[in-house]
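Worksheet for the structure shown next.
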Amino acid sequence: MPVASTPRTTTPSKRVLDSAQFISRRSHDVSVPTKGILHATKEIQHRMKQSNYSTSSWKSHPLNPKTADSSAIEWIFLIDALNFSFWTSRPTNEQYAVTLDEKTYRGYWSLCAAVNRAQREGVDLADARVYARISEDELRQVFRTDDPQVQEEIPMFQERLHVLHEVGRVLVDKYQGRFANLLKECHGSAQAVVERVVGEFPCFRDEHLYRGKSVAMYKRAQILVADLWACFEGCGAGAFKDIDQVTMFADYRVPQALYHFGALRYSPRLMKHLREDGKLPSGHPWEVEIRANSIWAVECIRRQLQADGCKDINAVLIDFYMWDYAKDNAEAMQDIPIHLTRSVFY
């Protein structure tokens with residue numbers, strides 16, 4: 001469950017890493033095996049090198065902005081404000097879906113497709129002055145699914161409406177309606193951006209209790225700076241001098257890939273629950289352990305890559321690669337269950 005704000009005595013990413021290590025050392029049902037880390041590191045290093053994976057891979061997706069400009073900044077903030085909870089238990093034909101340019105998208109990409117479709121239809125949903133006051137009916141039109149008679153609506157619609165109003169009002173009241181203005185005030189520091197975002201926007205404040213201790217994950221706030229860094233390829237608005245401090249972004253898909261590569265291990269009772277049901281409330285010890293150990297596993301992989309001489313690979317690139325791998329190899333990993341948590345945090 002969300003808790004009172006974590007003390008701001010260190011940088012956000014340091015708080016996340018400290019939280020991850022604290023939880024990993026005390027976890028009952030999730031672990032990070034050393035041999036698994038070594039195996040995963042070799043596999044990831046080989047595959048990333050083979051595919052020439054880099055920040056330029058981000059722009060290769062047809063739905064992402066192709067031009068790194070002010071419009072891209074606002075689009076990225078909007079998308080990451082709404083980047084949460086796309087999982088579904090419905091059969092494929094009943095899932096929320098958006099078709100754009102004759103291609104059908106589900107999950108996270110359905111959000112991007114819906115926003116891009118709305119912009120083509122004249123609704124500038126990347127303008128905070130628009131989404132700060134968007135009505136329920138207007139947003140339903142933006143997020144309409146391909147076949148409403150058969151398919152579910154986008155998960156957590158009401159929460160997405162609330163998030164848009166929340167972040168939109170802050171941007172309008174404090175930053176002249178532009179996230180770019182907040183970004184400028186952070187002077188090229190990823191940590192300053194994350195700190196400002198989790199402080200200004202409660203929906204980004206991904207903090208919980210574990211064994212009586214307040215712990216931080218900051219998934220969406222950190223992926224926000226990572227997306228900016230990738231879009232601008234480390235230049236201009238994405239020239240973050242401290243991007244290498246950013247941790248991985250704890251969600252439900254990357255842990256599946258980490259388990260696949262042997263970097264995570266689950267207890268029999270947790271695996272039984274995931275296979276039979278999978279649903280975990282936000283803040284449940286198992287949910288916190290899965291997310292925190294994922295962060296720590298990627299940090300261990302990063303450190304091993306650094307020791308092996310791969311100085312240019314940070315946690316952001318590892319996370320991006322693992323998420324893409326999990327999506328591209330979903331069928332091959334279908335026997336590895338994911339945890340299912342309805343949350344605005346991821």
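Largest GNM mean-square fluctuation across 42, 272, 103, computed for the chain with C-alpha springs under 10 Å, falls on 103. Of the residues 55, 67, 168, the one whose Cα sits farthest towards the positive end of the charge dipole of the chain is 55 (charges of +1 on Lys and Arg Cβ, -1 on Asp and Glu Cβ, taken about the Cα centre).
Couplings 3J(HN,Hα) for region 104-113, derived from phi with the Karplus relation 6.51 cos²θ - 1.76 cosθ + 1.60 (θ = phi - 60°), are 9, 10, 10, x, 3, 5, 5, 4, 4, 5 Hz, where x marks Gly and Pro. Listed values for region 119-129 are Karplus-derived 3J(HN,Hα) couplings in whole Hz (6.51 cos²θ - 1.76 cosθ + 1.60, θ = phi - 60°), namely 5, 5, 8, x, 9, 7, 6, 8, 9, 4, 5, and x replaces Gly and Pro. Basic side chains Lys and Arg get +1 at the Cβ, acidic Asp and Glu get -1 at the Cβ, and with that the dipole of the chain about its Cα centre reaches some 1100 debye. Here's the list of aspartates and glutamates a cross-link from residue 14 could span, going by alpha-carbon distance under 13 Å and ignoring same-chain residues fewer than 8 apart: 195, 242, 244, 299. Placing R0 at 25 angstrom, the Cβ-Cβ distance between residue 187 and residue 70 gives a FRET efficiency of 0.90 after rounding to 0.05. Springs between Cα atoms under 10 Å define the GNM used for the chain, and in it the highest mean-square fluctuation of 18, 137, 324 occurs at 137.
Counting only other residues whose beta carbon sits under 10 Å from that of residue 98, what net charge do I get with K and R as +1, D and E as -1?
On the way: positive: 103, 106, 117, 144; negative: 146.
Net charge around residue 98: +3.
Amide H to amide H distances under 5 Å link residue 264 with 259, where only residues 5 or more positions off or on other chains count and H is placed in the peptide plane. Taking Lys and Arg as +1 and Asp and Glu as -1, the other residues whose beta-carbon sits under 15 Å from that of residue 144 total -3.
Quick one: grab the alpha carbon gyration tensor of region 47-172, order the square roots of its eigenvalues as a ≥ b ≥ c, and give me rounded if a/c is under 1.5, else prolate or oblate depending on whether a/b is larger than b/c. It comes out oblate by the Cα gyration axes. For the chain, a Gaussian network of Cα nodes joined below 10 Å ranks 27, 56, 282 by mean-square fluctuation, and the top entry is 56. Return the whole-Å distance between the Cα centroid of region 103-173 and the Cα centroid of region 222-240. Each part reduced to its Cα centre gives a spacing of 23 Å. State whether the chain is rounded, prolate or oblate according to the following rule on the C-alpha gyration tensor (a ≥ b ≥ c being the square roots of its eigenvalues): a/c under 1.5 gives rounded; otherwise a/b larger than b/c gives prolate, and the remaining case gives oblate. Note, shape of the chain comes out rounded.
Every number in this text was worked out from the coordinates using simple rules, so none of it is lab data. Bear in mind the structure is a predicted one, so any value in this text is a computation, not a measurement. Heads up, the Cβs are rebuilt from the backbone with ideal geometry, glycines too, and the neighbour counts pull from every protein chain shown.
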